[in-house]
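Down below is the structure, laid out as structure tokens.
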Amino acid sequence: MTGATEGMVGGGYYDAHSSFQARTAASVTELLQQATAALAMPAGGQVMVADYGCSEGRNSMATITAALGLLAARGAKDFIVLHNDLPTNDWNTLARNLASPGSYLAQYSQVRALFAPRGFFERVTLPGSVILGTSGSAAHWLSRQPPDLDMPRSLYRSDAPPSELAKILNQSAADWRAFLEARGEELQPGGVLLVQMLGSDGSADPVRVSAAGLLKLMNECALALVDGGEIPQDAYARYCFPVVPRTIEEATAPLTGPLAEKLELLHCALTPVASPYQLALDKTGDVAAFAKSYTAFTRAFSESSLRDGLFRYGKASADALADRFYASMEKALNARPHDYPFDDLTLAVMVRKRGGRNEF
């Protein structure tokens, strides 16, 4: 994903401040059961499971552990788990998580873990080697900034001018097709891919876009730096925050079109996932704790992209601008805790590679 982000904030920070992503991963239980039931188990019981966009691993560990149990129940005997993310990912923290007592490696002696440090918009492992692929809270990232953007007061899909929105959606469509094409090469015939990402309800008017409230706040904080002369206007205008929630129509387009002969669509739906930060605020009324946790969550996934796209062009150091930006966010959330909700629609897509024994 070079050009969009270098990954999540490392050193365990992302693991510690990604409760929403953990809730999203936990919501996949029923679909994971369907995915493992739908795949064609290879003869001999040797299987590879791929985790695309693993980050530091905490959030995907439960999904992988559950998948291994389901595959073992279907006769799998020897496992490889392939963890994929950018070369700049915090692989050291992932390795420590895998070595912990709660890791699937501690539960299954016949499992071996491999790392694939490569962007997932291309093939990351051998053709026809993966029986089950999973990806949580990652496929909504763009591979790069859309070219020739001019958004002088906008930061995100939800508030982009129509002409610039078309550029963003074109980049998103090309990236999603590239992601699916790569997985289509890696999956075995009868292998299944299960992806969760941010979604958008295109049937609503106006279109309901996940995280639009949060990005409204991020945009206000960024514009304050621009208007204060801390970040050049031209740098801001050519940048969008490179996360694009997709509609069902956008997600299914490659699967009912150019990739239909290779990949069979098994499931595509939107499901709301509640924000744990808002739930905690509703329960405790502790605004300061809400503002701190919501800001830390945002920093964990956004800082890398904002540093590269905005902060490095500023008058002050990127470190100083990042601290100022997130302090401004926290201050605004303390003052107006209900103005910037994290409204989420999680889009889940399940596909199977054609040619397996389980195909109807």
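Based on this model, can you work out whether SER135 counts as modelled with pLDDT of 95 or more and in contact with a Phe, Trp or Tyr (Cβ under 6 Å, 6 or more places away or on another chain)?
yes
Can you name the residue in segment 249-266 that is among the small types (Gly, Ala, Ser) and closer than 23 Å to ARG208 by Cα and, of all such residues, is surrounded by the fewest Cβ atoms within 10 Å (Cβ to Cβ)?
Within segment 249-266, the match that is surrounded by the fewest Cβ atoms within 10 Å (Cβ to Cβ) is ALA253.
What pairs can you find where one residue is in segment 260-282 and free of Cβ contacts under 8 Å to residues at least 60 places away in the same chain, the other is of a type in the set (Asp, Glu) and open to solvent by 30 Å² or more (accessible area, probe 1.4 Å), and their Cβ atoms are less than 9 Å apart, with a gap of 6+ or different chains?
Filtered contacts from segment 260-282: ALA280/ASP286.
Listed residues SER60, SER27; which is over 16 Å from LEU193 (Cβ atoms) and either among the polar types (S, T, N, Q) or modelled with pLDDT under 90 (or both)?
Result: SER27 is the single residue among SER60, SER27 that is over 16 Å from LEU193 (Cβ atoms) and either among the polar types (S, T, N, Q) or modelled with pLDDT under 90 (or both).
Quick check on my filter: what residues within segment 67-120 are assigned to a strand (DSSP E or B), among the hydrophobic types (A, V, I, L, M, F, W, C) and over 24 Å from the mean Cα position of the chain (by Cα)?
PHE79, VAL111
Among ALA178, ALA174, which is closer than 16 Å to GLY133 by Cβ, in a helix (DSSP H, G or I), open to solvent by 20 Å² or more (accessible area, probe 1.4 Å) and in contact with a Ser or Thr (Cβ under 9 Å, 6 or more places away or on another chain)?
Answer to the selection: ALA178.
Report yes if some residue within segment 121-140 is open to solvent by 40 Å² or more (accessible area, probe 1.4 Å), closer than 22 Å to ARG58 by Cα, among the basic types (Lys, Arg) and within 23 Å of the chain's Cα centre (by Cα); otherwise report no.
No, segment 121-140 contains no residue that is open to solvent by 40 Å² or more (accessible area, probe 1.4 Å), closer than 22 Å to ARG58 by Cα, among the basic types (Lys, Arg) and within 23 Å of the chain's Cα centre (by Cα).
When ALA327 is evaluated against the numbered criteria (1) modelled with pLDDT of 95 or more; (2) open to solvent by 40 Å² or more (accessible area, probe 1.4 Å); (3) within 28 Å of ALA204 (Cβ to Cβ); (4) not acidic (Asp, Glu), which criterion, by number, is the only one it fails?
(3)
Taking the residues in segment 67-89 that are small (Gly, Ala, Ser) and crowded, with 19+ Cβ neighbours inside 10 Å as candidates, determine which candidate is farthest from GLY119 (Cα to Cα).
So the residue we want is ALA76.
Wholly within segment 187-297, which helices (runs of 4 or more DSSP H) include no fewer than the required count, namely at least 2 residues that are closer than 15 Å to VAL349 by Cα?
Because the criterion is at least 2 residues that are closer than 15 Å to VAL349 by Cα, the helices (runs of 4 or more DSSP H) in segment 187-297 that meet it are 248-256.
So, in segment 108-120, how many residues would count as being among the charged types (D, E, K, R) and either at pLDDT below 95 or buried (at least 21 other Cβ atoms within 10 Å of the Cβ) (or both)?
Here the count works out to 0.
Go through ALA300, ALA269, ALA316, ALA280 for me and flag whichever is on the phi < 0 side of the Ramachandran plot, open to solvent by less than 10 Å² (accessible area, probe 1.4 Å) and not basic (Lys, Arg).
ALA300
List pairs: first in segment 90-107 and open to solvent by less than 40 Å² (accessible area, probe 1.4 Å), second polar (S, T, N, Q), Cβ under 6 Å, 6+ apart or cross-chain?
TYR104/THR65
Would you please list the contacts, defined by Cβ atoms under 6 Å and residues six or more apart or on different chains, that run from a residue in segment 296-324 that is over 18 Å from HIS140 (Cα atoms) to a residue that is among the basic types (Lys, Arg) and part of a helix (DSSP H, G or I)?
Close Cβ pairs (under 6 Å, with a partner that is among the basic types (Lys, Arg) and part of a helix (DSSP H, G or I)) amount to ALA318/ARG307; ALA318/ARG312.
The values are calculated or read from the model by the stated rules, or taken from the named source; none is laboratory data. Please read all numbers here as calculations on a predicted model, not as lab measurements. Positions of Cβ are backbone-derived with ideal geometry, glycine not excepted, and every protein chain shown enters the neighbour counts. When the accessible area is computed, the model is the full protein with side chains, heavy atoms only, and any ligands, DNA or RNA have been set aside. Shrake-Rupley method; radii C 1.70, N 1.55, O 1.52, S 1.80 Å.
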